[in-house]
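Notes follow once the structure below has been shown.
The values are calculated or read from the model by the stated rules, or taken from the named source; none is laboratory data. This one's a predicted model, so the numbers in the text were calculated from it and none came from an experiment. Note that each Cβ is placed from the backbone with ideal geometry, even for glycine, and that neighbours are counted across all protein chains shown. Accessible surface areas use protein heavy atoms only, side chains included; no ligands, DNA or RNA. Shrake-Rupley method; radii C 1.70, N 1.55, O 1.52, S 1.80 Å.
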Amino acid sequence: MPNQLLSPPSGPLQVPITAPSIADINPSFGPKRPLKFSLVIPTYNERGNVTQLIAQLTALLDGFIPAEYELILVDDDSADRTWQVAQDLTDRYPQLQVMRRQKEHGLSSAVIRGWQVAQGEILGVIDADLQHPPEVLLKLLQATLNGADLAVASRHVEGGGVSDWSVVRRFLSRGAQVLGLVVCPAVVGRVSDPMSGYFMVRRSAIAGPLLNPLGYKILLEVIGRGSIKEIAEIGYVFQERVSGASKVTWKQYIDYLGHLARLRSQGKITKVRQDFPTSRLIRYGLVGLSGLFVDMAILYLLSTQLGWGLTRSKIIAAEIAIVSNFFWHDAWTFADLSQRQKGWSARFKRLLKFNTICLIGLGLGVVLLNFFYNLVFQQNQRYVANLIAIGLVAVWNFQINLKLNWRTAAVLRRK
Ligand code: GDD
Ligand code: MN
């Protein structure tokens with residue numbers, strides 16, 4: 001006997017503090033309760049993927065927490081009838097339940113609707129298209145069982161990455177993250193991969209507040225409105241899609257920014273006291289100062305001693321200063337973080353990123369200098385304008401290098 005379809009909840013998007021009675025949700029659902037874990041699988045036209053996915057997930061979970069979990073597939077009335085393919089699977093996999101939504105649609109609300117009927121103490125989400133490797137699931141689960149309020153699969157910590165992405169695509173993805181750090185650092189800055197749609201959260205950390213997500217990035221809502229203290233991050237490689245197509249369009253980028261702006265303007269973000277990185281900032285400043293001397297010395301050597309052209313000398317001097325700064329930062333300013341990403345190839349990648357961030361900082365500096373000089377101050381205050389520009393660029397460089405370059409698993413320990 002297959003499980004009967006779950007009826008989609010209506011009303012506000014809100015996760016209940018205690019799991020709803022199963023008699024109200026699905027009398028035909030077998031497993032004993034309460035459950036440890038509920039995993040929501042949002043789908044839209046994924047019929048080519050669900051069979052393999054469900055087989056893999058159940059095999060893993062049956063070996064780890066047999067009969068203490070459920071899978072909830074939430075389908076938005078796919079034209080390819082994914083919901084029906086999944087429904088037919090419930091015969092073989094009694095832990096699986098299927099919700100077919102016909103009135104509402106959208107990825108984020110699908111996830112929350114699934115959590116609303118969930119019985120588990122830990123609530124999770126995974127894409128249906130096998131781009132999120134199922135093997136990572138047990139590591140995430142273990143991290144939450146060990147006490148993390150939120151465990152996020154991340155492309156940007158050790159063991160993480162993307163399979164076949166072009167430089168342009170990586171740049172766009174990171175650009176969106178940088179923009180997010182500017183718009184809403186209190187949310188985006190807390191994890192290395194704020195775009196992740198593969199994570200688990202403790203029910204008690206997300207139950208209660210009214211959720212109001214926009215677009216694709218449900219994790220932003222969880223971090224912004226939940227009460228998340230300890231976060232664990234597990235590296236994973238984002239796989240290429242084999243069957244079906246991505247549903248992402250430019251609209252998701254707009255939604256992402258709109259979502260962050262909303263989180264910020266509604267001012268309900270759960271602020272976590274993060275220690276101000278005073279000593280790191282001082283180290284950063286001292287290294288920057290050393291770079292100034294390196295730059296000056298090389299410039300003197302090349303242009304005065306060897307008589308090279310000024311521009312050529314300056315470019316080489318600046319580049320040597322950047323590289324010198326990098327090695328100091330890697331060995332001193334961010335030593336604690338670089339120790340977690342050992343090896344020369346990882347170090348070389350950090351150097352390339354550092355270089356790119358510094359060059360973008362240079363461009364930013366030119367724009368800021370012009371802005372303050374031409375629009376804010378009167379004439380003859382170019383040095384005041386430059387000082388402010390340098391200060392702002394230094395903050396930029398520090399912040400982006402900390403969050404995007406040296407950042408690894410940022411596990412916040414409970415005090
Ligand atoms: N129910 C429902 N409704 N599911 C949806 C909808 C919808 O409107 N749109 C997409 N989905 C499902 C897809 O079927 C898939 O299982 C999952 O949500 C992700 O959608 P994709 O279209 O495959 O997204 P992607 O591969 O570009 O996206 C992802 O980017 C991240 C990496 O930055 C995100 O969705 C993340 O989950 C992922 O980690
Ligand atoms: Mn996908």
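Here are the numbers for this structure:
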quantity: The chain, helix-only ellipticity at 222 nm - DSSP H runs n ≥ 4, -39,500 (n - 2.57), divided by all residues, nearest 500; calculated: -14500 deg cm²/dmol
quantity: FRET efficiency for MET1 and VAL248, using Cβ-Cβ distance with R0 set to 25 Å, rounded to 0.05; calculated: 0.10
quantity: Segment 176-233-segment 356-380 distance, computed between alpha-carbon centres (Å); calculated: 33 Å
quantity: Evaluated at q = 0.10, 0.16, 0.21 Å⁻¹: base-10 log I(q)/I(0), Debye formula over Cα of segment 133-276; calculated: -0.34, -0.90, -1.50
quantity: Accessible solvent surface per residue of segment 285-415, calculated while the other protein chains remain in place, 1.4 angstrom probe, Å²; calculated: 62 Å²
quantity: At R0 = 35 Å, FRET efficiency that the Cβ-Cβ distance of LEU257 and TRP344 yields, to 0.05; calculated: 0.40
quantity: Percent RCO, i.e. relative contact order, over the chain, from Cα pairs under 8 Å lying at least 6 residues apart; calculated: 16 percent
quantity: Cβ charges +1 (Lys, Arg) and -1 (Asp, Glu), total dipole of the chain, debye; calculated: 1240 debye
quantity: Alpha-carbon spread of segment 305-371, three principal axes, descending order, Å; calculated: 41, 36, 18
quantity: Listed residues ILE388, ILE41, ILE65, most fluctuating in the chain (Gaussian network, C-alpha, under 10 Å); calculated: ILE388
quantity: Residues LEU289 and ARG81, FRET efficiency given R0 of 41 Å [Cβ-Cβ distance, rounded to 0.05]; calculated: 0.05
quantity: Surface share of carbon and sulfur [accessible, 1.4 angstrom probe, percent] for the chain; calculated: 62 percent
quantity: Binned Cα-Cα distance frequencies in the chain - 10 Å width, integer %; calculated: 4, 20, 28, 21, 13, 8, 4, 1, 0
quantity: For segment 352-394, the Rg and Dmax computed from alpha carbons only, in angstrom; calculated: 11.3, 38
quantity: In Hz, Karplus ³J(HN,Hα) per residue of segment 67-80 (6.51, -1.76, 1.60; θ = phi - 60°; x = Gly, Pro); calculated: 6, 10, 9, 9, 10, 10, 8, 10, 10, 8, 6, 3, 4, 7
quantity: Max mean-square fluctuation residue, GNM over the chain, Cα-Cα springs under 10 Å, options LYS342, LYS403, LYS229; calculated: LYS342
quantity: Extreme residue, positive dipole direction of the chain, given options ALA346, TYR69, ALA245 (C-beta unit charges); calculated: ALA346
quantity: Listed residue pairs exceeding 21 Å between alpha carbons, taken from LYS217/LYS247; LYS217/LYS342; LYS229/LYS353; LYS36/LYS139; LYS139/LYS353; calculated: LYS217/LYS342; LYS229/LYS353; LYS139/LYS353
quantity: Kyte-Doolittle at least 1.0, axis length at least 18 Å by Cα - qualifying DSSP helices, the chain; calculated: 167-183, 278-299, 344-371, 382-400
quantity: Segment 203-211 - phi-based ³J(HN,Hα) in whole Hz, Karplus 6.51/-1.76/1.60, Gly and Pro as x; calculated: 3, 5, 8, 10, 6, x, x, 6, 9
quantity: Values of log10 I(q)/I(0), in the order q = 0.07, 0.13, 0.17 Å⁻¹, for segment 22-266 under a Debye, Cα-only, solvent-free model; calculated: -0.21, -0.77, -1.41
quantity: Per residue accessible area of segment 22-266, 1.4 Å probe, in Å²; calculated: 38 Å²
quantity: Of ASN401, ASN374, ASN355, the one that fluctuates the most in a GNM where the chain has Cα springs shorter than 10 Å; calculated: ASN374
quantity: Where only alpha carbons of segment 278-408 are counted, the Rg and the Dmax (Å); calculated: 16.1, 51
